[in-house]
Amino acid sequence: MSPADEVTSELWGRKAREKSETEVWKGCYWQSHPLTSRHINRLITGDEEEDWLGFTKQRFFPERVGRGLSLGCGHGAAERDAIGRGICAEFDALDIAEEALEVARRDAEEVGLGDRIHYRQADLNTVDLQPGAYDVVIAAQVLHHVDALERLAEQVAGSLRPGGLFVVHEYIGPSRFQWLDKTQELMNRMLDVLPEELKTHPINGFVKERMDRAPAEEIARVDPSESIRSDEIVATLESRFDVLYRADFGGTLLQFLLADIAANFSEDDPKDVALLDLMSLFEEVLVAERVLPSDFAFFVLSPRR
(Lines give C-alpha, C1' and ligand atoms only; values in the text may rest on other atoms or scores of the structure.)
Protein backbone atom coordinates (compact mmCIF):
# COMPACT_ATOMS: atom_id res chain seq x y z
CA MET A 1 0.00 0.00 0.00
CA SER A 2 1.38 3.41 -0.96
CA PRO A 3 1.90 6.13 1.69
CA ALA A 4 -1.07 8.04 0.23
CA ASP A 5 -3.27 4.96 0.45
CA GLU A 6 -2.15 4.41 4.04
CA VAL A 7 -3.33 7.92 4.93
CA THR A 8 -6.69 7.30 3.26
CA SER A 9 -7.07 3.88 4.86
CA GLU A 10 -6.31 5.15 8.36
CA LEU A 11 -8.71 8.09 8.01
CA TRP A 12 -11.66 6.11 6.73
CA GLY A 13 -11.07 3.22 9.07
CA ARG A 14 -11.30 5.64 11.97
CA LYS A 15 -14.43 7.26 10.52
CA ALA A 16 -16.07 3.85 10.01
CA ARG A 17 -15.52 2.98 13.67
CA GLU A 18 -16.91 6.37 14.74
CA LYS A 19 -20.03 5.87 12.64
CA SER A 20 -20.57 2.40 14.04
CA GLU A 21 -19.95 3.16 17.69
CA THR A 22 -21.31 6.69 18.25
CA GLU A 23 -24.15 8.94 17.13
CA VAL A 24 -22.13 12.15 17.34
CA TRP A 25 -21.21 12.14 13.66
CA LYS A 26 -24.85 12.48 12.66
CA GLY A 27 -24.83 16.04 13.93
CA CYS A 28 -21.89 16.89 11.69
CA TYR A 29 -23.27 15.98 8.28
CA TRP A 30 -26.08 17.65 6.37
CA GLN A 31 -27.29 14.33 4.91
CA SER A 32 -27.79 12.70 8.30
CA HIS A 33 -29.91 15.41 9.95
CA PRO A 34 -33.56 14.26 10.06
CA LEU A 35 -34.85 17.53 8.58
CA THR A 36 -32.43 17.74 5.65
CA SER A 37 -32.66 14.00 5.05
CA ARG A 38 -36.41 14.36 4.46
CA HIS A 39 -35.69 17.11 1.95
CA ILE A 40 -33.12 14.92 0.23
CA ASN A 41 -35.56 12.01 0.15
CA ARG A 42 -38.16 14.18 -1.60
CA LEU A 43 -35.68 15.29 -4.25
CA ILE A 44 -34.57 11.72 -4.94
CA THR A 45 -37.75 9.72 -4.51
CA GLY A 46 -40.60 12.24 -4.45
CA ASP A 47 -41.51 11.16 -0.93
CA GLU A 48 -40.04 12.66 2.26
CA GLU A 49 -40.40 9.34 4.06
CA GLU A 50 -38.77 7.12 1.40
CA ASP A 51 -35.00 7.08 1.10
CA TRP A 52 -32.90 6.12 -1.90
CA LEU A 53 -32.58 2.45 -0.98
CA GLY A 54 -36.30 2.10 -0.40
CA PHE A 55 -36.93 3.73 -3.76
CA THR A 56 -34.37 1.44 -5.40
CA LYS A 57 -36.18 -1.58 -3.98
CA GLN A 58 -39.67 -0.47 -5.04
CA ARG A 59 -38.77 0.85 -8.47
CA PHE A 60 -36.00 -1.43 -9.69
CA PHE A 61 -35.89 -4.58 -7.54
CA PRO A 62 -39.48 -5.56 -6.70
CA GLU A 63 -38.23 -9.15 -6.52
CA ARG A 64 -35.14 -10.02 -4.52
CA VAL A 65 -32.07 -10.76 -6.63
CA GLY A 66 -29.23 -13.08 -5.80
CA ARG A 67 -25.86 -11.42 -5.42
CA GLY A 68 -24.71 -7.83 -5.00
CA LEU A 69 -21.52 -5.86 -4.56
CA SER A 70 -20.95 -2.85 -2.29
CA LEU A 71 -18.04 -0.61 -3.30
CA GLY A 72 -16.21 1.34 -0.60
CA CYS A 73 -18.48 -0.17 2.01
CA GLY A 74 -17.11 1.62 5.08
CA HIS A 75 -18.90 0.38 8.20
CA GLY A 76 -21.28 -1.67 6.06
CA ALA A 77 -24.60 0.12 6.43
CA ALA A 78 -25.59 0.05 2.73
CA GLU A 79 -25.28 -3.69 2.21
CA ARG A 80 -26.90 -4.56 5.54
CA ASP A 81 -29.81 -2.27 4.70
CA ALA A 82 -30.10 -3.62 1.14
CA ILE A 83 -30.35 -7.19 2.41
CA GLY A 84 -32.81 -6.16 5.11
CA ARG A 85 -35.06 -4.50 2.54
CA GLY A 86 -35.04 -7.54 0.28
CA ILE A 87 -33.05 -6.05 -2.59
CA CYS A 88 -30.46 -8.79 -2.61
CA ALA A 89 -29.85 -12.12 -0.88
CA GLU A 90 -26.12 -11.71 -0.28
CA PHE A 91 -23.32 -9.21 -0.86
CA ASP A 92 -19.63 -8.98 -1.47
CA ALA A 93 -18.27 -5.75 0.00
CA LEU A 94 -14.96 -4.00 -0.61
CA ASP A 95 -13.04 -1.26 1.17
CA ILE A 96 -9.45 -0.09 1.28
CA ALA A 97 -9.50 0.29 5.08
CA GLU A 98 -9.04 -2.93 7.02
CA GLU A 99 -10.31 -1.25 10.18
CA ALA A 100 -13.55 -0.38 8.38
CA LEU A 101 -13.89 -4.01 7.28
CA GLU A 102 -13.38 -5.22 10.85
CA VAL A 103 -16.17 -2.92 12.01
CA ALA A 104 -18.45 -3.98 9.15
CA ARG A 105 -17.86 -7.70 9.81
CA ARG A 106 -18.62 -7.26 13.50
CA ASP A 107 -21.80 -5.29 12.82
CA ALA A 108 -22.96 -7.81 10.22
CA GLU A 109 -22.44 -10.65 12.72
CA GLU A 110 -24.40 -8.77 15.36
CA VAL A 111 -27.48 -8.57 13.13
CA GLY A 112 -27.20 -12.14 11.88
CA LEU A 113 -25.81 -11.34 8.43
CA GLY A 114 -22.28 -12.59 8.88
CA ASP A 115 -22.81 -15.49 6.49
CA ARG A 116 -24.48 -13.31 3.83
CA ILE A 117 -21.95 -10.49 3.50
CA HIS A 118 -18.41 -11.29 2.41
CA TYR A 119 -15.86 -8.57 3.10
CA ARG A 120 -12.42 -8.10 1.60
CA GLN A 121 -9.85 -5.37 1.34
CA ALA A 122 -9.41 -3.84 -2.12
CA ASP A 123 -8.23 -0.66 -3.79
CA LEU A 124 -10.98 0.44 -6.18
CA ASN A 125 -8.36 1.97 -8.47
CA THR A 126 -6.88 -1.44 -9.22
CA VAL A 127 -9.53 -4.00 -8.26
CA ASP A 128 -10.40 -6.80 -10.69
CA LEU A 129 -14.07 -7.75 -10.41
CA GLN A 130 -15.42 -11.15 -11.35
CA PRO A 131 -17.16 -10.93 -14.76
CA GLY A 132 -20.91 -11.50 -14.78
CA ALA A 133 -21.05 -12.02 -11.02
CA TYR A 134 -23.56 -9.47 -9.75
CA ASP A 135 -27.20 -8.48 -10.08
CA VAL A 136 -26.60 -5.11 -8.45
CA VAL A 137 -23.56 -2.99 -7.61
CA ILE A 138 -23.95 -0.18 -5.07
CA ALA A 139 -21.61 2.79 -4.72
CA ALA A 140 -22.63 5.11 -1.88
CA GLN A 141 -20.42 8.18 -1.53
CA VAL A 142 -17.30 6.41 -2.77
CA LEU A 143 -16.67 7.21 -6.44
CA HIS A 144 -15.37 10.67 -5.60
CA HIS A 145 -12.47 8.90 -3.85
CA VAL A 146 -11.48 7.01 -7.02
CA ASP A 147 -8.78 8.26 -9.38
CA ALA A 148 -9.07 5.47 -11.98
CA LEU A 149 -12.72 6.18 -12.74
CA GLU A 150 -12.68 4.81 -16.28
CA ARG A 151 -11.10 1.55 -15.19
CA LEU A 152 -13.55 1.06 -12.34
CA ALA A 153 -16.52 1.85 -14.62
CA GLU A 154 -15.36 -0.87 -17.00
CA GLN A 155 -14.90 -3.33 -14.16
CA VAL A 156 -18.38 -2.63 -12.78
CA ALA A 157 -20.01 -2.89 -16.21
CA GLY A 158 -18.31 -6.21 -16.83
CA SER A 159 -19.22 -7.57 -13.40
CA LEU A 160 -22.95 -7.11 -13.90
CA ARG A 161 -25.13 -9.94 -15.11
CA PRO A 162 -27.68 -9.31 -17.89
CA GLY A 163 -30.28 -6.98 -16.40
CA GLY A 164 -27.97 -6.01 -13.56
CA LEU A 165 -27.89 -2.39 -12.37
CA PHE A 166 -25.33 0.03 -10.95
CA VAL A 167 -26.83 2.17 -8.16
CA VAL A 168 -24.86 5.32 -7.34
CA HIS A 169 -25.42 7.85 -4.55
CA GLU A 170 -22.63 10.37 -4.98
CA TYR A 171 -20.84 13.67 -4.58
CA ILE A 172 -20.28 15.03 -8.11
CA GLY A 173 -19.19 18.56 -7.24
CA PRO A 174 -15.89 20.35 -7.80
CA SER A 175 -12.74 18.28 -7.40
CA ARG A 176 -10.84 18.84 -4.15
CA PHE A 177 -13.84 20.88 -2.95
CA GLN A 178 -12.78 23.90 -5.01
CA TRP A 179 -16.23 25.43 -5.02
CA LEU A 180 -17.23 28.45 -7.09
CA ASP A 181 -16.70 32.00 -5.81
CA LYS A 182 -20.45 32.62 -5.90
CA THR A 183 -21.02 29.46 -3.87
CA GLN A 184 -18.69 30.77 -1.19
CA GLU A 185 -20.33 34.17 -1.21
CA LEU A 186 -23.79 32.66 -0.79
CA MET A 187 -22.68 30.40 2.04
CA ASN A 188 -21.20 33.37 3.88
CA ARG A 189 -24.28 35.51 3.31
CA MET A 190 -26.36 32.72 4.83
CA LEU A 191 -23.99 32.41 7.78
CA ASP A 192 -24.27 36.15 8.38
CA VAL A 193 -27.99 35.90 9.08
CA LEU A 194 -27.83 32.85 11.35
CA PRO A 195 -27.90 33.56 15.09
CA GLU A 196 -24.69 32.72 16.94
CA GLU A 197 -26.20 29.79 18.82
CA LEU A 198 -26.87 28.00 15.54
CA LYS A 199 -23.32 28.65 14.30
CA THR A 200 -21.56 27.36 17.41
CA HIS A 201 -19.94 23.92 17.35
CA PRO A 202 -21.86 21.90 19.96
CA ILE A 203 -18.72 20.22 21.31
CA ASN A 204 -15.81 22.64 21.11
CA GLY A 205 -17.71 25.95 21.13
CA PHE A 206 -16.09 27.28 17.96
CA VAL A 207 -18.31 29.80 16.20
CA LYS A 208 -18.47 29.35 12.44
CA GLU A 209 -18.31 32.94 11.21
CA ARG A 210 -17.05 32.39 7.68
CA MET A 211 -16.55 29.74 5.00
CA ASP A 212 -13.29 29.89 3.09
CA ARG A 213 -12.30 27.46 0.35
CA ALA A 214 -9.34 25.35 1.49
CA PRO A 215 -6.42 25.01 -0.94
CA ALA A 216 -6.60 21.85 -3.02
CA GLU A 217 -3.19 20.85 -1.64
CA GLU A 218 -4.52 20.92 1.91
CA ILE A 219 -7.52 18.78 0.97
CA ALA A 220 -5.15 16.25 -0.61
CA ARG A 221 -2.84 16.30 2.41
CA VAL A 222 -5.65 15.33 4.78
CA ASP A 223 -7.00 12.66 2.41
CA PRO A 224 -5.17 12.06 -0.87
CA SER A 225 -8.31 10.45 -2.31
CA GLU A 226 -10.74 13.22 -1.37
CA SER A 227 -12.86 14.29 -4.36
CA ILE A 228 -9.87 13.57 -6.56
CA ARG A 229 -11.85 13.57 -9.83
CA SER A 230 -15.36 14.16 -8.58
CA ASP A 231 -16.28 16.60 -11.34
CA GLU A 232 -15.57 13.89 -13.94
CA ILE A 233 -17.82 11.22 -12.44
CA VAL A 234 -20.96 12.02 -14.43
CA ALA A 235 -19.19 12.07 -17.79
CA THR A 236 -17.45 8.79 -16.97
CA LEU A 237 -20.69 7.08 -15.99
CA GLU A 238 -22.54 8.37 -19.04
CA SER A 239 -19.78 7.13 -21.34
CA ARG A 240 -20.20 3.52 -20.18
CA PHE A 241 -23.76 3.22 -18.88
CA ASP A 242 -27.30 4.16 -19.85
CA VAL A 243 -28.91 6.37 -17.22
CA LEU A 244 -32.24 4.83 -16.22
CA TYR A 245 -32.85 7.32 -13.43
CA ARG A 246 -31.12 10.45 -12.14
CA ALA A 247 -32.06 12.80 -9.34
CA ASP A 248 -29.94 15.76 -8.27
CA PHE A 249 -30.23 16.57 -4.57
CA GLY A 250 -28.18 19.67 -4.00
CA GLY A 251 -25.70 19.95 -1.16
CA THR A 252 -23.90 22.73 -3.01
CA LEU A 253 -24.42 25.14 -0.13
CA LEU A 254 -25.66 23.00 2.71
CA GLN A 255 -22.94 20.33 2.76
CA PHE A 256 -20.31 22.71 4.07
CA LEU A 257 -22.57 25.35 5.56
CA LEU A 258 -24.08 22.82 7.98
CA ALA A 259 -20.89 20.83 8.59
CA ASP A 260 -20.33 20.47 12.36
CA ILE A 261 -23.36 22.63 13.26
CA ALA A 262 -26.30 20.66 11.82
CA ALA A 263 -27.12 19.26 15.27
CA ASN A 264 -27.95 22.79 16.48
CA PHE A 265 -31.16 22.77 14.44
CA SER A 266 -33.74 20.99 16.55
CA GLU A 267 -36.58 19.15 14.86
CA ASP A 268 -38.63 19.95 17.98
CA ASP A 269 -38.25 23.72 17.55
CA PRO A 270 -40.67 25.15 14.95
CA LYS A 271 -38.32 28.07 14.27
CA ASP A 272 -35.36 25.76 13.57
CA VAL A 273 -37.55 23.60 11.37
CA ALA A 274 -38.77 26.60 9.38
CA LEU A 275 -35.26 28.00 9.02
CA LEU A 276 -33.73 24.75 7.81
CA ASP A 277 -36.65 24.18 5.46
CA LEU A 278 -36.13 27.66 3.99
CA MET A 279 -32.39 27.07 3.61
CA SER A 280 -33.09 23.79 1.82
CA LEU A 281 -35.69 25.44 -0.40
CA PHE A 282 -33.29 28.28 -1.23
CA GLU A 283 -30.64 25.82 -2.38
CA GLU A 284 -33.19 23.75 -4.30
CA VAL A 285 -34.42 26.78 -6.25
CA LEU A 286 -30.89 27.96 -7.07
CA VAL A 287 -30.06 24.51 -8.45
CA ALA A 288 -33.35 24.20 -10.33
CA GLU A 289 -32.86 27.61 -11.94
CA ARG A 290 -29.24 26.71 -12.77
CA VAL A 291 -27.75 29.49 -10.70
CA LEU A 292 -25.71 26.78 -8.99
CA PRO A 293 -24.92 23.20 -10.00
CA SER A 294 -26.01 20.31 -7.82
CA ASP A 295 -23.07 18.81 -5.96
CA PHE A 296 -24.83 15.52 -5.26
CA ALA A 297 -26.81 13.12 -7.42
CA PHE A 298 -28.42 9.70 -7.36
CA PHE A 299 -28.25 7.39 -10.38
CA VAL A 300 -29.53 4.01 -11.46
CA LEU A 301 -27.52 2.82 -14.45
CA SER A 302 -27.48 -0.06 -16.90
CA PRO A 303 -24.25 -1.10 -18.65
CA ARG A 304 -24.16 -0.29 -22.31
CA ARG A 305 -23.62 -3.61 -24.08
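The values are calculated or read from the model by the stated rules, or taken from the named source; none is laboratory data. Nothing here was measured: the structure is a model prediction, and the numbers come from that model. Here the Cβ positions follow ideal geometry from the backbone for every residue, glycine too, while neighbour counts run over all protein chains shown. Heavy atoms of the whole protein, side chains included, go into the accessibility calculation; ligands, DNA and RNA do not. Shrake-Rupley method; radii C 1.70, N 1.55, O 1.52, S 1.80 Å.
Structure data summary
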{"item": "Search result, residues across the range 170-193 that are open to solvent by 10 Å² or more (accessible area, probe 1.4 Å), in contact (Cβ under 8 Å) with a residue 24 or more places away in the chain and either in a helix (DSSP H, G or I) or not β-branched (Val, Ile, Thr) (or both)", "result": "PRO174, SER175, ARG176, PHE177, GLN178, TRP179, LEU180, LYS182, GLN184, LEU186, MET190"}
{"item": "Residue within the range 26-34 that is at pLDDT below 75 and either part of a helix (DSSP H, G or I) or in contact with a Leu (Cβ under 7 Å, 6 or more places away or on another chain) (or both) present", "result": "yes"}
{"item": "Members of the range 1-60 found to be among the β-branched types (Val, Ile, Thr) and surrounded by 20 or more Cβ atoms within 10 Å (Cβ to Cβ), listed by number", "result": "THR8, THR36, ILE40, ILE44, THR45, THR56"}
{"item": "Single residue of the range 194-235 satisfying the filter (within 19 Å of SER294 (Cβ to Cβ) and without any contact (Cβ under 8 Å) to a residue 40 or more places away in the chain) that is least open to solvent (accessible area, probe 1.4 Å)", "result": "ALA235"}
{"item": "Close pairs from the range 121-148: first more than 20 Å from SER9 (Cα to Cα), partner assigned to a loop (DSSP other than H, G, I, E, B), Cβ under 8 Å, at least 6 apart", "result": "VAL136/PHE61; VAL136/ILE87"}
{"item": "Out of LEU292, LEU286, LEU301, LEU276, sole residue that is touching a residue at least 24 places away in the same chain (Cβ under 8 Å) and assigned to a loop (DSSP other than H, G, I, E, B)", "result": "LEU292"}
{"item": "Positions within the range 201-235 being of a type outside the set (A, V, I, L, M, F, W, C) and assigned to a helix (DSSP H, G or I), in sequence order", "result": "GLU217, GLU218, ARG221, SER230, ASP231, GLU232"}
{"item": "Residue list for the range 144-169, filter: open to solvent by 50 Å² or more (accessible area, probe 1.4 Å) and assigned to a helix (DSSP H, G or I)", "result": "GLU150, ARG151, GLU154"}
{"item": "Residue in the range 50-69 that is modelled with pLDDT under 95 and under 30 Å from LEU278 (Cα atoms) present", "result": "no"}
{"item": "Residue among ALA93, ALA89, ALA100 that alone is among the aliphatic types (A, V, I, L, M), out of contact with any Cys (no Cβ under 6 Å at 6 or more places or on another chain), open to solvent by less than 30 Å² (accessible area, probe 1.4 Å) and at pLDDT 95 or above", "result": "ALA89"}
{"item": "GLN130 vs. criteria over 17 Å from PRO303 (Cβ atoms), surrounded by fewer than 20 Cβ atoms within 10 Å (Cβ to Cβ), at pLDDT 95 or above and of a type outside the set (A, V, I, L, M, F, W, C)", "result": "no"}
{"item": "Which listed residue is of a type in the set (Phe, Trp, Tyr), out of contact with any strand residue (DSSP E or B) (no Cβ under 9 Å at 6 or more places or on another chain) and within 25 Å of ASP51 (Cβ to Cβ), from PHE249, PHE241, PHE282", "result": "PHE282"}
